[in-house]
Amino acid sequence: MTDSRVAWYDFGMSSSKAPAKKRPPRKNLVAIDGTLEAIDKVRISVRERGPNAEPFELRIVHKDAVREHVDCNNPACFDGGFSLGDVLRDMVRGGQKEFIGTSFCTGQEGVPIEEGPHPSCPTRFEVEATLRFR
């Protein structure tokens, strides 16, 4: 005999999309791995670009304000952002005083609890950094 019961689940299809869950705060490795010890002054500008990007610019002008990770503000993105710490570590390792470049969001769009592949987040971050070494 087969079981003819059917389970119905509400995945929120009829209601508005649930907000994407953001990652918990990360350790600021760039502050504890010695990277900042080589730097006297820092000037960093990060602009978020993309269909759901926030229209503001993150500016960092004090070493104490440097963070490891910059989160993505796309409301459909989960686990997103980019590692500012990696950019700074590469600059210090190579003695690079200026950097102008683009970092892409590492997150995905959709609802994290849904199975299947999720599209990559289209957000990108335009980064300008100037370091003055000791």
Name every residue in segment 111-134 that is within 20 Å of G81 (Cβ to Cβ), surrounded by 14 or more Cβ atoms within 10 Å (Cβ to Cβ) and of a type outside the set (A, V, I, L, M), in order of residue number.
-> H118, S120, C121, P122, T123, R124, F125, E126, E128
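State all residues of segment 73-110 that are among the aromatic types (F, W, Y) and crowded, with 17+ Cβ neighbours inside 10 Å; if no residue qualifies, say none.
Matches in segment 73-110: F78, F82.
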Going through segment 88-134 in order, the residues found to be in a strand (DSSP E or B), at pLDDT below 95 and of a type in the set (K, R) are R132
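If you scan segment 32-48, which residues turn out to be in a strand (DSSP E or B) and surrounded by fewer than 14 Cβ atoms within 10 Å (Cβ to Cβ)?
D40, K41
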Residues of segment 49-72 satisfying the condition of being loosely packed, with under 11 Cβ neighbours inside 10 Å and either in a strand (DSSP E or B) or within 16 Å of the chain's Cα centre (by Cα) (or both) | P51, P55, F56
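The values are calculated or read from the model by the stated rules, or taken from the named source; none is laboratory data. All values derive from a computational prediction rather than experimental measurement. Counting neighbours? That spans all protein chains shown, and the Cβs are built from the backbone with ideal geometry, glycine included.
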